[in-house]
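Below is one structure, written out as structure tokens, with a few remarks after it.
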Amino acid sequence: MFHYDYRPRGVCSRAIHLDISDDGSTIESVSFEGGCNGNLKAIGKLVKGKPVEEIAGILAGNTCGPRPTSCADQLSRALLEAQRAARA
């Protein structure tokens with residue numbers, strides 16, 4: 001398992017903690033610090049066991065109110081960054 005910490009930008013959450021498979025293909029767990037607690041815990045449950053690229057594609061570009069990004073969009077970016085790091 002590969003662990004990765006990501007600092008999101010432009011959203012309420014302060015950190016995203018990811019565990020993905022060693023080959024970078026599958027999400028093992030996701031947790032957030034800050035943000036909308038219930039919604040972000042639900043996202044973590046929904047994405048567990050799913051392919052990184054599938055979830056990143058679904059969540060990319062999601063916005064929150066007037067912001068050009070969201071915690072989900074930041075998760076998409078975090079997943080792809082973690083995947084690159086795991087495969088390096």
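The values are calculated or read from the model by the stated rules, or taken from the named source; none is laboratory data. Just so you know, these numbers come straight off a predicted model, no measurement behind them. Here the Cβ positions follow ideal geometry from the backbone for every residue, glycine too, while neighbour counts run over all protein chains shown.
Does residue 25 fit the bill of being of a type in the set (Ser, Thr, Tyr) and touching a strand residue (DSSP E or B) at 6+ places or on another chain (Cβ under 8 Å)? Yes: the conditions hold for residue 25.
Only residues that are polar (S, T, N, Q) and either within 17 Å of residue 7 (Cβ to Cβ) or under 9 Å from the mean Cα position of the chain (by Cα) (or both) were counted across region 56-82, and they come to 4. Of all residues in region 60-88, none satisfies the criterion of being free of Cβ contacts under 8 Å to residues at least 24 places away in the same chain, aliphatic (A, V, I, L, M) and surrounded by 20 or more Cβ atoms within 10 Å (Cβ to Cβ). Evaluation of residue 5 against the conditions (1) surrounded by 12 or more Cβ atoms within 10 Å (Cβ to Cβ); (2) touching a His at 6+ places or on another chain (Cβ under 8 Å) shows that the sole unmet condition is (1). In the set 19, 23, only one residue is surrounded by fewer than 12 Cβ atoms within 10 Å (Cβ to Cβ), not aliphatic (A, V, I, L, M) and not in a helix (DSSP H, G or I); that residue is 23.
Restricting attention to region 26-59, and to residues there that are small (Gly, Ala, Ser) and surrounded by 15 or more Cβ atoms within 10 Å (Cβ to Cβ), which single residue is nearest to residue 11 (Cα to Cα)? It comes out as 35. For residue 30, the criteria (1) out of contact with any strand residue (DSSP E or B) (no Cβ under 6 Å at 6 or more places or on another chain); (2) not in a loop (DSSP other than H, G, I, E, B) hold in every case but one, which is (1). Selection over region 1-54 of residues that are within 28 Å of residue 66 (Cβ to Cβ), of a type in the set (A, V, I, L, M, F, W, C) and more than 11 Å from the chain's Cα centre (by Cα) gives a count of 5. Screening residue 53 on (1) in a helix (DSSP H, G or I); (2) in contact with a Gly (Cβ under 9 Å, 6 or more places away or on another chain); (3) under 20 Å from residue 2 (Cα atoms); (4) not aromatic (Phe, Trp, Tyr) shows it passes everything except condition (2). Let me spell it out: the conditions are (1) in a helix (DSSP H, G or I); (2) in contact with a helix residue (DSSP H, G or I) (Cβ under 8 Å, 6 or more places away or on another chain), and residue 12 meets all of them except one. Which number is the exception? Among (1) in a helix (DSSP H, G or I); (2) in contact with a helix residue (DSSP H, G or I) (Cβ under 8 Å, 6 or more places away or on another chain), residue 12 violates only (1). Residues in region 66-88 that are part of a loop (DSSP other than H, G, I, E, B) and at pLDDT 95 or above were compared, and the one that is nearest to residue 15 (Cα to Cα) is 70.
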